[in-house]
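Let me begin by presenting the structure, written as structure tokens, before commenting on it.
The values are calculated or read from the model by the stated rules, or taken from the named source; none is laboratory data. What you see is a predicted model; the values in this text were computed from it and never measured. With ideal geometry, Cβ positions are generated from the backbone for all residues, glycine too; neighbour counts draw on all protein chains shown.
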Amino acid sequence: MSFKLTGISVSPWVKRTRVIMTEKQIPYEADPYFPMGNPTLEFLAISPLAKVPVLQHDGVTIPDSLAICAYVEKLYPTPAFFPAEAADLAQALWICEYAAALFSNVEGPLFTQKVLRPLVKQPVDEDALAAAIEKMPQYLAYLDSQLADRTFFVGEQISIADVTVAAIMVGLRHADSLPDGAMYPHLAAFVARMHGRQTFQDLIAEDNAALGRGA
Ligand SMILES: N[C@@H](CCC(=O)N[C@@H](CS)C(=O)NCC(=O)O)C(=O)O
């Protein structure tokens, strides 16, 4: 049965799903739809919150990226992205939750103001931009402290936590706001490593094309 993934991959939530499906070598059809606050009735029927991504597979419809990642993990257990050990799994999911707050409070507003609005020739909301910039250090410092000298956020191998943080960091990359290596050395090195993976390289190139930017 084929997999269909709806959602433009500039979205970090679509991106984390695509990275994990690609790393698991699951073939899928990508439909780069974005509702832009004005979803079609057809889209609402598969995504009640009007958000991307949505996965459709074998009569199952899943309108949330974490649920999608958990679903494909069950179907294709290797390579694993959900840690097996209880405390590690809890920590990985917590980092995902923390990254969601980084998305809502920092990356989303920054990306909207610094990338999307100029792209569609809308004025930048300077207050929204300043609020996001003000909140950014606390998030970056916490993530840096959670990594410390380790390669990955949890355990010895890549997990959903790493993919999620790195996916959100792609938005900061597009907004020229990546963590400063002098202030957040662990996080900056982590982002460089993660964005150097082929799966991220390919999606960053796809973003650049969608955003009308050079590589
Ligand atoms: N918890 C959801 C969040 C998805 C989400 O926020 N998607 C945004 C794009 S990044 C969206 O679809 N927004 C729709 C809109 O703004 O119209 C998930 O992980 O899938």
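Run down T61, T17, T6 and say which single residue is within 11 Å of the ligand (Cβ to nearest atom), touching a strand residue (DSSP E or B) at 6+ places or on another chain (Cβ under 8 Å) and more than 29 Å from K135 (Cα to Cα).
Values: T61 fails: within 11 Å of the ligand (Cβ to nearest atom); T17 fails: more than 29 Å from K135 (Cα to Cα).
Just one listed residue meets the conditions, T6.
Only residues that are among the aliphatic types (A, V, I, L, M) and not in a helix (DSSP H, G or I): list them for the range 122-179, please. Working first, answer last.
We begin by selecting, within the range 122-179, every residue among the aliphatic types (A, V, I, L, M); these are 124, 128-133, 136, 140-141, 143, 147-148, 154, 158, 160-161, 163, 165-170, 172, 175, 178.
Those that are among the aliphatic types (A, V, I, L, M) and not in a helix (DSSP H, G or I): V124, A148, V154, I158, A175, L178.
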Cβ-Cβ under 7 Å pairs, at least 6 apart or on other chains, the range 130-154 side farther than 12 Å from A101 by Cβ, far side among the β-branched types (V, I, T) and part of a loop (DSSP other than H, G, I, E, B): F152/I158
Which listed residue is within 12 Å of the chain's Cα centre (by Cα) and charged (D, E, K, R), from K74, K15: K15
The range 16-37 residues that are farther than 21 Å from I160 by Cβ, paired with ones that are more than 15 Å from the ligand (Cβ to nearest atom) and of a type outside the set (S, T, Y) (beta carbon under 8 Å, 6 or more apart): E29/F3; E29/K4; D31/K4
Criterion violated by L55 - all others in (1) more than 8 Å from the ligand (Cβ to nearest atom); (2) surrounded by fewer than 17 Cβ atoms within 10 Å (Cβ to Cβ) satisfied: (2)
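Does S65 qualify as being of a type in the set (S, T, Y) and out of contact with any Lys or Arg (no Cβ under 8 Å at 6 or more places or on another chain)? Even if it seems obvious, please write down each step before you answer.
Values: of a type in the set (S, T, Y): yes; out of contact with any Lys or Arg (no Cβ under 8 Å at 6 or more places or on another chain): no.
No: the conditions fail for S65.
So which of P32, P39, P27, P48 is farther than 23 Å from A100 by Cα and surrounded by fewer than 22 Cβ atoms within 10 Å (Cβ to Cβ)?
On the way: P32 fails: farther than 23 Å from A100 by Cα; P39 fails: farther than 23 Å from A100 by Cα; P48 fails: farther than 23 Å from A100 by Cα.
Within the list P32, P39, P27, P48, the selection yields P27.
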Residue that is nearest to V163 (Cα to Cα), among those in the range 184-204 that are touching a helix residue (DSSP H, G or I) at 6+ places or on another chain (Cβ under 7 Å) and among the aliphatic types (A, V, I, L, M): M194
Odd one out for I95, checked against (1) under 19 Å from the mean Cα position of the chain (by Cα); (2) more than 15 Å from P12 (Cβ to Cβ): (2)
Conditions (1) modelled with pLDDT of 95 or more; (2) not assigned by TED's automatic domain parsing to the domain that holds L140: number failed by R197: (2)
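Kindly indicate the residue of the range 20-41 that is of a type outside the set (A, V, I, L, M) and within 8 Å of the ligand (Cβ to nearest atom) and also modelled with the lowest pLDDT among those meeting that condition.
Step one: filter the range 20-41 for residues of a type outside the set (A, V, I, L, M), giving 22-25, 27-29, 31-35, 37-40.
Add one more test, that the residue is within 8 Å of the ligand (Cβ to nearest atom), and what stays is 34-35, 37-39.
On the way: F34: 94, P35: 94, G37: 89, N38: 95, P39: 97.
Within the range 20-41, the match that is modelled with the lowest pLDDT is G37.
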Candidate set from the range 156-188 (those that are charged (D, E, K, R) and touching a residue at least 12 places away in the same chain (Cβ under 8 Å)); member that is nearest to T78 (Cα to Cα): D162
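Every residue, every condition in (1) crowded, with 21+ Cβ neighbours inside 10 Å; (2) closer than 25 Å to P137 by Cα, yes or no:
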residue: S177; (1), (2): no, yes
residue: D180; (1), (2): no, yes
residue: L187; (1), (2): yes, yes
residue: A209; (1), (2): no, no
residue: G212; (1), (2): no, no
